[in-house]
Amino acid sequence: MSPTSRTPEPPRDAPESYVGLDAEGAEQLARARGWRVVRSLPPGSIITMEYLSGRINFEVEGGSVTRCWLG
């Protein structure tokens with residue numbers, strides 16, 4: 001019997017679909033699509049390189065998502 005993963009699979013989503021959306025709308029959409037952690041960051045933020053399954057990251061400038069990546 002093989003072990004089962006306790007980490008739920010992240011949503012199958014296209015990060016580029018959030019680019020250009022307003023930050024609040026993008027966050028609501030991400031949560032509705034099943035993302036457990038939604039993180040919005042200003043450009044140039046210093047962040048750790050830790051990958052977290054189930055997290056989606058938005059770089060937000062002027063109230064709009066300019067970049068999006070998983071983990």
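The values are calculated or read from the model by the stated rules, or taken from the named source; none is laboratory data. These numbers come from a predicted model, not from an experiment. Cβ: placed from backbone, ideal geometry, glycine included. Neighbour counts: every protein chain shown. Quick note on the areas: whole protein, heavy atoms, side chains included, nothing else; ligands and nucleic acids left out. Shrake-Rupley method; radii C 1.70, N 1.55, O 1.52, S 1.80 Å.
If I ask for residues that are of a type outside the set (S, T, N, Q), surrounded by 10 or more Cβ atoms within 10 Å (Cβ to Cβ) and assigned to a helix (DSSP H, G or I), which ones from segment 26-56 would you list?
Within segment 26-56, ALA26, GLU27, LEU29, ALA30, ARG31 qualify.
Among the residues of segment 23-71, which ones are of a type in the set (Ser, Thr, Tyr) and in contact with a helix residue (DSSP H, G or I) (Cβ under 9 Å, 6 or more places away or on another chain)?
If the condition is that a residue be of a type in the set (Ser, Thr, Tyr) and in contact with a helix residue (DSSP H, G or I) (Cβ under 9 Å, 6 or more places away or on another chain), then SER40, SER64 are the ones that fit.
Look through segment 5-25, keep the residues that are more than 11 Å from the chain's Cα centre (by Cα) and exposed (fewer than 10 other Cβ atoms within 10 Å of the Cβ), and return whichever of them is modelled with the lowest pLDDT.
By that ranking, first place goes to SER5.
Which of the residues spanning segment 57-71 are open to solvent by 10 Å² or more (accessible area, probe 1.4 Å) and polar (S, T, N, Q)?
Hits for segment 57-71 are SER64, THR66.
Scan segment 12-25 residue by residue and report those that are more than 14 Å from TRP69 (Cβ to Cβ) and either in a helix (DSSP H, G or I) or in contact with a Gly (Cβ under 7 Å, 6 or more places away or on another chain) (or both). It would help to see each step written out before you state the result.
Restricting attention to segment 12-25, the residues satisfying the condition of being more than 14 Å from TRP69 (Cβ to Cβ) are 12, 20-25.
Across segment 12-25, the qualifying residues are ASP22, ALA23, GLU24, GLY25.
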